[in-house]
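Undergrad: Encoded as structure tokens, here's the structure I'll be asking about.
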Amino acid sequence: MSALPPNVPLSAPPELHIASLVVHALPHRLPDVRAAILAIAGSDIHGASDTGKLVVTLEAPTTDDMMARISEIQRLEGVLASALVYQHADTLAAMNEEIGDVHGS
């Protein structure tokens, strides 16, 4: 038997989702694609080539938000393809936890 009354939603701790992508765009559309990606909340571009490849990271508070941001990038005019390279999700508390170095400090 539950101590909570029915229909009381359990709240999950806040999370942080991080993903990295390689995005391939038409080279002549690269400036527009870069601007559109940077307009997406939680996005950053870490590198680009003249051939249209971009290294992008995204941060989002939920899986649904992350998927929406990835889909938004994939639908941008001038984007040929995107590939998810890395994805991680954890609670904000765990992400902000101090980690000692090899010397224990």
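Undergrad: Grab the DSSP H runs of the chain that are 4 residues or longer, score each as -39,500 (n - 2.57), total them, divide by all residues and round the 222 nm result to the nearest 500 deg cm²/dmol.
TA: Theoretical 222 nm ellipticity from helices: -6500 deg cm²/dmol.
Undergrad: Something else: Between the helical axis of 63-74 and the dominant principal axis of the chain, each derived from Cα atoms, what acute angle in degrees is found, rounded to the nearest 10?
TA: 0
Undergrad: If you don't mind, there's one more thing I want to ask. For the chain, compute Rh as the Kirkwood radius over C-alpha pairs and then the Stokes-Einstein diffusion coefficient at 10 °C and 1.306 mPa s; write the answer in µm²/s, rounded to an integer.
TA: Estimated diffusion coefficient is 100 µm²/s.
Undergrad: If the chain between S11 and D44 were fully stretched, how many nm would it gain, using 0.36 nm times the residue separation less the Cα-Cα distance?
TA: So the chain would gain 8.9 nm between S11 and D44.
Undergrad: Under the 0.36 nm per residue contour assumption, what length would be gained going from the current alpha-carbon distance of L80 and L92 to full extension?
TA: Extending this stretch completely gives an extra 1.0 nm.
Undergrad: May I ask you to compute the full-extension gain from T57 to L26, defined as 0.36 nm times their residue separation minus their alpha-carbon distance, rounded to one decimal in nm?
TA: 9.2 nm
Undergrad: Share of the stretch 53-105's accessible area from carbon and sulfur, percent, 1.4 Å?
TA: Summing carbon and sulfur atoms, their accessible area is 53 percent of the total for the stretch 53-105.
Undergrad: Next question. Once you mark the GluC sites (Glu not before Pro) that are in a DSSP loop and have at most 11 other Cβ atoms within 10 Å, what is the longest gap between them in the chain?
TA: No qualifying site falls inside 1-76, the longest such stretch.
Undergrad: Let me cross-check D90: its accessible surface, 1.4 Å probe, with only protein heavy atoms counted, in Å² to the nearest 10?
TA: 60
Undergrad: Let me ask something else. Taking only protein heavy atoms and a 1.4 Å probe, what accessible area per residue, in Å², does the chain have with all protein chains in place?
TA: In whole numbers, the chain has 69 Å² accessible per residue.
The values are calculated or read from the model by the stated rules, or taken from the named source; none is laboratory data. The structure presented is a predicted model; accordingly, all values stated were derived computationally and were not measured. In this analysis, Cβ positions are derived from the backbone assuming ideal geometry, glycine residues included, and neighbour counts consider all displayed protein chains. All accessible areas refer to the heavy atoms of the entire protein, side chains included, with ligands and DNA or RNA removed. Shrake-Rupley method; radii C 1.70, N 1.55, O 1.52, S 1.80 Å.
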